[in-house]
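Participant: Would you mind keeping the following structure in view while I ask a few things?
The values are calculated or read from the model by the stated rules, or taken from the named source; none is laboratory data. Because the structure is a prediction, the values reported are computed rather than measured. Glycine also receives a Cβ, built like all others from the backbone with ideal geometry; neighbour counts cover every protein chain displayed.
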Amino acid sequence: MQFSHPFLARTFGFLGTVSFRMLIGSVNFKWAFYDPDVDPNVAARRLILMFWHEHILCPLFFRRHSPVTMLLSQHGDAEIVNQAAQFVGMKCIRGSSSHGAVSALKKFIQLPEHNILAIVPDGPRGPYRQLAAGGIFLASKLQLPIVLLGVGYDRPWRMPTWDRFVVPRPFSRGRIISSPTIHVPEKLSRDGLEHYRHKIETLLSRLTDEAEHWAVSGEPLAGESIVCMGPKSSLTYYGHSQQAYIGNAD
């Protein structure tokens, strides 16, 4: 079903936002940072944030008015996410890392108060958890560091879609693990682009697997310490993770 009609998209966006905020408010969230400075709510520098398409609603439930701009495809279905983002004070720009990217990036650069660009690198149509090279090219071209988010839930429902879209169960556990900043060299060759694409795809999959394991197990991470609590979010932010292993993207 297409939701390109503005009224239909806005209605579904509003209803979806209200319903999902009620659901997500019941989830016990914890967030492990390898570097707390990349918290999207406090980061004072431009970043490219990447996470899998199945968790595309995740940024909508950071604290309201976080400095994040989502890069959404021009497909009609993405208009629902666009409308939902507006309801929580987040901006979106339309295009993808491969189609309409130039126009989208011009809009992003003109938004100094929104310094983080969120990308789902396997969207908008997959394949599932296969990272496209577009985001790596943008990071190289613009010399913006990449931060990866591994997201996991305890026994979530999964929709029968190409991305196995995730819906957390009420009162379950949700976990996020963020990588440190990953710097991609400028002017990459085709082989260099593929090298970083593969490395970052592997790392994002590893972080997602670790977040899912953490959510299912419910075990604490060694060295946990509360950094801050979002006043309008159920997210609890934790400091440097000593248990999960990131490895080196180089």
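Participant: Within the range 181-196, is there a residue that is assigned to a loop (DSSP other than H, G, I, E, B), modelled with pLDDT of 90 or more, of a type in the set (Lys, Arg) and out of contact with any Pro (no Cβ under 9 Å at 6 or more places or on another chain)?
Facilitator: no
Yes/no per residue for (1) among the charged types (D, E, K, R); (2) touching a residue at least 40 places away in the same chain (Cβ under 8 Å); (3) surrounded by 23 or more Cβ atoms within 10 Å (Cβ to Cβ):
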site: Ala118; (1), (2), (3): no, yes, yes
site: Pro121; (1), (2), (3): no, yes, yes
site: Gly126; (1), (2), (3): no, yes, no
site: Gln130; (1), (2), (3): no, yes, no
site: Gly134; (1), (2), (3): no, no, no
site: Phe137; (1), (2), (3): no, yes, no
site: Leu144; (1), (2), (3): no, yes, no
site: Gly150; (1), (2), (3): no, yes, yes
site: Asp154; (1), (2), (3): yes, yes, no
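Participant: Follow-up. Could you look through the range 29-70, keep only residues that are hydroxyl-bearing (Ser, Thr, Tyr) and in a loop (DSSP other than H, G, I, E, B), and pick out the one that is modelled with the lowest pLDDT?
Facilitator: If we take residues in the range 29-70 being hydroxyl-bearing (Ser, Thr, Tyr) and in a loop (DSSP other than H, G, I, E, B), then Ser66 is modelled with the lowest pLDDT.
Participant: Select from the range 14-23 the residues that are at pLDDT 75 or above and either aromatic (Phe, Trp, Tyr) or surrounded by 15 or more Cβ atoms within 10 Å (Cβ to Cβ) (or both) and list them in ascending order.
Facilitator: Selection gives Leu23 alone.
Participant: Within the range 181-210, can you find the residues that are buried (at least 18 other Cβ atoms within 10 Å of the Cβ), over 25 Å from Phe29 (Cα atoms) and touching a Ser or Thr at 6+ places or on another chain (Cβ under 9 Å)?
Facilitator: Passing the criteria: Val184, Leu188, Tyr196.
Participant: Here are the criteria: (1) surrounded by fewer than 16 Cβ atoms within 10 Å (Cβ to Cβ); (2) modelled with pLDDT of 85 or more; (3) over 14 Å from Ile56 (Cα atoms); (4) of a type outside the set (Val, Ile, Thr). Tell me which single one Ser178 does not satisfy.
Facilitator: (1)
Participant: Let me ask another. If you check Pro124, Pro112, which single one turns out to be at pLDDT below 90, of a type outside the set (A, V, I, L, M, F, W, C) and closer than 25 Å to Leu203 by Cβ?
Facilitator: Going through Pro124, Pro112 in turn, just one is at pLDDT below 90, of a type outside the set (A, V, I, L, M, F, W, C) and closer than 25 Å to Leu203 by Cβ: Pro124.
Participant: Among the candidates Ser26, Ser73, single out the residue that is hydroxyl-bearing (Ser, Thr, Tyr), at pLDDT 65 or above and surrounded by 20 or more Cβ atoms within 10 Å (Cβ to Cβ).
Facilitator: Details: Ser26 fails: surrounded by 20 or more Cβ atoms within 10 Å (Cβ to Cβ).
Only one candidate passes the filter, namely Ser73.
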